[in-house]
Structures are given as structure tokens and as C-alpha cells.
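Engineer: My structure is below; once you've seen it, I'll send some questions.
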Amino acid sequence: MKQLSTFTISALVAGLFLSGAMSSCKPKKMDAAISGDAAQKVYVAPGKKDELYLFTSGGFSGQMGVYGLPSGRMLKQVPVFSQDAESGYGFSEETKPMLMTSHGYTPWDDSHHPQLSRTNGQDDGRWIFVNANNTPRIARTNLSTFHTDEIIELPNCGGNHASPFLTQNTEYVVGASRFSIPYDKDGEAPIADYKDKFKGTISYIKVDSATGRMKLNFQLLVPGVDYDLSRAGKAISHGWNFFTCYNSEKAHTLLEVNASQRDKDFILAVNWKKAEEYLAQGKAQKWPTNYAHNVFDESTQTASTEMIKEVNVMDVKDLPGICYFIPCPKSPHGCDVDPTGEYIAASGKLAAVIPVYSFTKIQKAIADKAFDGDYDGIPVIKYEAALDGEVEKPGLGPLHTEFDDKGNAYTSFFVSSEIVKWDVKTKQILDRVPTYYSIGHLCVPMGDNIKPYGKYVIALNKITKDRYLPTGPELTQSAQLYDISGAKMQLLLDFPTIGEPHYAQACPADLVLKHQIKFFKLADNNHKYATKTEKDAKVVRDGKDVHVYMTAIRSHFTPDNIEGVKVGDNVYFHVTNLEQDWDVPHGFAVKGANNAEILVLPGQTKTLKWVPDRVGVSPMYCTDFCSALHQEMQGYVRVSPAGSSTALKFSTGE
């Protein structure tokens, strides 16, 4: 392959970013959002609901944002990989296990790619999965409650970026490693031995179609490059996954230069059904490991952690027919499959074209053995044999492509800050619009489905300089909404987002609304410390542990006065919300608690642990405005000296 000098690469990168920065500061269609009928198209009148849900990753916040479209109104921030003081997630005793890993309690991560569950290649509105990049994990959020119900850690994984990408019927959630690591006995080797000893893995997590419950079925040991993004095949290509990968040079320092030497890196095409055949034949090795699987049980409203000790691993170089490399220019990011499943568009961040591959041609090339040697024992399909065509002169810095329902593709360009629309079959460019600024991913509602919704495209931007009121050195993160229903794209709306909106998925609201739960039935509450009537409220001492079985209902707690607690006790407030009505949560906080408050939903029980550190009387109160007399929903805890003889007593209305 043709080699470029380090100087050439550096100059190219610098030139691309310089030109991008200049174009970012001089948008040519600055007035687009305030002209025409843009405002009317995004206005949702009071009492009316939005047309679509938009789910954005929270990036370095570790959470997930939920917005309504076309209004751009934020509806909720869903706690996933980070503690959340608003709901008590990760602070309450019931939810702490959700953040357990093999490294212990891990209350933060970097979430990147939400992906909706699907049936027959269409979003079904049941669950949404999102990855954690730093401590490799995949979470499943239940869209009937908007609660995170499950998190599974990925062993043998140096970083989980190409994840989670779902197969056509959510048979598998797939995650590939970003950072390759050594896999010798101790998992340690000189970094200088990268080329010889470092490998990557691809994890195939089986999903129960009825419950959504995840199980790590097997892992593939793959060459030691950096796996970036992925899509599963669909329709004609169902049974395959496609991963972009960079650093085919196997550099281990200054990757911005050293991993940009080759003209082409790769797409890795994986035949996962072939891998399943090998697994059934007993070809996998059992590797000892240790990883966490955290599950929230809705009946007990309590999470638990299981540490799993082994995993099935298959080395793809020993098992022909699973993996093939396809050359792809250069330093590719997006790897996106069109609605027919026939075309795979790749986006080389430093490439001057967008290559579009044909699944049919890939299969023919494999049958004809049209290979250009191998890479680490994996056949490399000839570029021309797999290529359907190239989109020429599309822009600078292509990143990610999604599709509409009319045979068009939309690609984001980070450097030239624009979205480019092109025809999938002819590869002709049809339109381009600027973004403000430096777009990363983009999202067409259901744009990775067999039948996209295709009315809007959402730009997920990295920079908002000069776009909003300033908020100090850090400005808000941002997304933008464009109408793509006509021949030309039209900017409709800017709206701020939480964290970094790294990627997003959107679907019609009806898909999610039909699964909604309005409250938890008190009769079904099997929490160990649930208190289902006020007469059952009590306070029980067990050595230094004090368990408060407490109820909450508009507008008081039972009990609301407690005495006999002592300095140094472990006080557990088990609060059951007796309400059986939609949208009537109660909060609970006590002075001196150094974790958080808890938000208790109707019919739910949650536990706040408190260790009083001083003598006195500590007020407690409801933190969520629940009624006209919310302010009166309060009580007291008397804290006596350690070793005192103050009797334990509790009451309400006395």
C-alpha cells in the first residue's frame, strides 16, 4: 500500500482542521433558522405532545438524555453509568449494585452510542442499550419505566467504543474493543511489543427476546487494531456485522500521526452465524475471567450483582469463514448499512471520498477468493472487488451516515461542519447544509432501520462557540434539527443538550408510549423492607443498625418523629410511597446525610443509609413537591450520644 510521510499526514490533518475552524466561524447560511416557516414547524402548542422521542448519549456525563421532537424540549435525564443525585440512583441501597464492576464500585463512565431494540429490523420501543467506553460495560434501559434495569461488564476488553450495535431482531448486542491489550497469562507485556502481543475482542451478548435479559454468549479474539464503530447487517446482509478499524499500522504512540501512515485501514466483516456454528461445535475455549452482571429486579425494586468467572473465546485466525478485512480509506469512523442491507457506507476521517461497498460483491469476492493477501491471518478482500462506488468530493472529515426512506444518505462532516445528502445508488451529491459547529454523529429517526422514518436529521455538534449565551469557559453542548422531507434540507432548530451528545436515536413516540407504566402496583411490591400500610410502619434496632420502615403519602411521613437513634448508628430509612397515582413521587432527605436524597416513585420502596455524626435533632423532609402541603411534609430524628440509654420510640400524630 502507498505510504505517506509523517510530515504529509501532519500537514493534511492541520490543513483540514484549519479549514474546518475557519469555515466554522463563517457560516454562510446563518439566517436559515429564522427564515421561512422554521418556527412553525417546531412549535408544539401547550397541551400537545411531541411527535418523536430523541435519546442522546450523555458522553462524559455517563447518562442518557431524552428529548421531544420537533420541539427539542428536554424531558428527562436517565441515570445509567453515573450516580444521580436527583433520583438517588447509585446512592440508594437498592441501586448501588448497578454500578459494581470487577474494579469495585465505579460511579462514572463515558457513554457513547444509544441503540433501540428492534424486531424485524424496526425499532420496537421496548429497551434502549448504551455503552460505557472507559470501564467496558453495556446497559439496558427499560422504556416502560425509563429506568436502567441491567448493566453487564465486558471482560477481556481494553475499551468499549464500537458498541452497542444490535442485530436485526435484537438477537445480539455487539461490542468491540477500542484499545487492544495483551492476552498472555498475566495480561501484562511491554508496550513496545504491541505488534506481536496485543489483541482486540468482539463480544456477542445474547438478549432474551421476552425479558431483554443479557448474557455474554461468546467473544472473538481479533487482530490488535482499534475498533471504532459498527453496524449489523440487515435484510440481505442479516447475519453479518461490519466494524471500522483504524491503526492498522499497530502504532502505540502518537497515533494521530503514526496511525495515519497507510492509505487504507479496514472494515472488518464478521459472519456471526458462522461463529455460532463453531460455538455449537465446541470450538470455543473457556477463559477464566471475572466480570460483573448487575440486574435490577422490578418486583423487589432492588438490584443485585453476580460476578461471572469464565467466558467462551474463539480465535478467529483458527476458524476460517468468520472474519474478512476490507480496505477502507483512511482512519475510518462510520460504517453504516443502508435500509436494504446491500450497501455499506464507510467514512474515512482523512479520506477524500466516501466508499460504498456492496454486500453482494463482498460475498462474490469471498467465493472467488478475490483476496489481497491477509492481515494477521485474516483474508483481505480486494478493495475493487468489494466496492460498489465512491462518493467523490463530498466534504472534509466524513464521520457518520444515516439514511432516509427515499434512497438517500446523510453524512456528517466534522471538519467542514456540514451535512451532505447523497444518492445511495448513483453516489451523486444532492444537497449540503452547514452545521453550527463541527458536527460529530448525526441521527435520522429510525435511520438505521429497514424502513426509516426519514422526516428529520439531527446534528450532534461538538462546539457551540458564538451560538448561545456564554456560561464561562465551557459552553453548552448542542444539537440541531433539520427538515429533510423535501429536496433541500432546512435548518429548523437549535437546542442545548446535556454532556456530550455523542450519538442519538429517535423513533415515533407511539412506539414508546404503548409500553408506559404509570405507577408500580403496591400489591406487587416484594421489597424486603416494604411497608404497605401506615399501621405497619415501625423502627427496629439490630445492634448498631436501625431500620426505619417508613411510609410516604400526601402530605406526611409515618413515622414523622423518631427518638433513640445514637451517634454512629447505621440508620436505614426504607421509604415506601403509598401513592397509586401517576406522577406523584415523594422525596426523602435527612440533615447530615452525606450521600444524596432519594426519589421514591408511587408504589416503590427505596432505602437511604444515614450515619449520624453528632448529637442533636435532625430534620427530615420530602424533597419532591407533591401537594399544596408539601412544605409541611417533614419530621425529626433525635440523635443521642453513643452509649446513651435513650429509648427507641417513634410516632405520627402524637
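Engineer: Quick one: which of 322-329, 549-556 comes out on top by average Cβ neighbours within 10 Å, and what's the full order, highest first?
Structural biologist: 322-329, 549-556
Engineer: For the pair Thr300 and Ala509, what calculated FRET efficiency results from E = 1/(1 + (r/R0)^6), where r is the Cβ-Cβ distance and R0 = 22 Å, to the nearest 0.05?
Structural biologist: Efficiency, from the Cβ-Cβ distance: 0.10.
Engineer: For segment 331-468, with every protein chain kept in place, what is the accessible area per residue (1.4 Å probe, Å²)?
Structural biologist: 33 Å²
Engineer: Just how large is the dipole of segment 47-145 about the Cα centre, in debye to the nearest 20, putting +1 at every Lys and Arg Cβ and -1 at every Asp and Glu Cβ?
Structural biologist: For segment 47-145, the charge dipole is close to 220 debye.
Engineer: If the label point is 7 Å along Cα→Cβ of Asn594, which residues in segment 609-650 have backbone nitrogen under 19 Å from it?
Structural biologist: Zone members listed by number: 609-619, 639-642.
Engineer: Still on this model: With the full set of protein chains in place, find how many percent of the accessible area of segment 392-516 is carbon and sulfur; take the probe as 1.4 Å.
Structural biologist: 57 percent
Engineer: Where the centre of each part is set by its Cα atoms, how far does segment 485-537 sit from segment 431-476, in angstrom?
Structural biologist: 22 Å
Engineer: Still on this structure, please answer the following. Would you mind listing how long the chain runs along its three principal axes, going by Cα atoms, in whole Å with the largest first?
Structural biologist: For the chain, the Cα spread along each principal axis is 84, 64, 45 Å.
Engineer: Okay, next question. How would Asp265, Asp613 rank on accessible area, largest to smallest, probe 1.4 Å? Don't skip to the answer; put the middle values down first.
Structural biologist: Numbers: Asp265 0, Asp613 100 Å².
Largest accessible area first, the list is Asp613, Asp265.
Engineer: Sticking with this structure for a sec: Output the antiparallel fraction of DSSP beta bridges having both residues in the chain, as a percent to the nearest 5.
Structural biologist: 90 percent
Engineer: Report the equivalent ellipsoid semi-axes for segment 140-181 in whole Å, largest first, defined as the square roots of five times the eigenvalues of the gyration tensor built from alpha carbon atoms.
Structural biologist: Details: eigenvalues 103, 36, 12 Å².
In descending order, the three semi-axes are 23, 13, 8 Å.
Engineer: Further question: Heavy atoms only, probe 1.4 angstrom, no DNA, RNA or ligands counted: give me Trp422, Trp240, Trp582 ranked by accessible area, highest first.
Structural biologist: Sorted by accessible area, descending: Trp582, Trp240, Trp422.
Engineer: Report the gain in length on full extension from Ala39 to Lys544: 0.36 nm times residue separation, minus Cα-Cα distance, nm rounded to one decimal.
Structural biologist: 175.7 nm
Engineer: Apply the a/c threshold of 1.5 to the C-alpha gyration tensor of segment 81-184 and tell me whether it is rounded, prolate or oblate.
Structural biologist: oblate
Engineer: Tell me the mean residue ellipticity at 222 nm calculated for the chain from its helices only (DSSP H runs of n ≥ 4, each -39500 (n - 2.57), averaged over every residue, nearest 500).
Structural biologist: Taken over the chain, the calculation gives -2500 deg cm²/dmol.
Engineer: May I pose another question? If R₀ is 22 angstrom, what is the calculated FRET efficiency for the pair Ser485 and Asp423, using the beta carbon separation as r and rounding to 0.05?
Structural biologist: Approximately 0.85, to the nearest 0.05.
The values are calculated or read from the model by the stated rules, or taken from the named source; none is laboratory data. Keep in mind that what you see is a predicted model, and the values were worked out from it rather than measured. No Cβ is skipped: glycine too gets one built from the backbone with ideal geometry, and neighbour counts run over all protein chains shown. The area values use the complete protein model at the heavy-atom level, side chains included, leaving out ligands, DNA and RNA. Shrake-Rupley method; radii C 1.70, N 1.55, O 1.52, S 1.80 Å.
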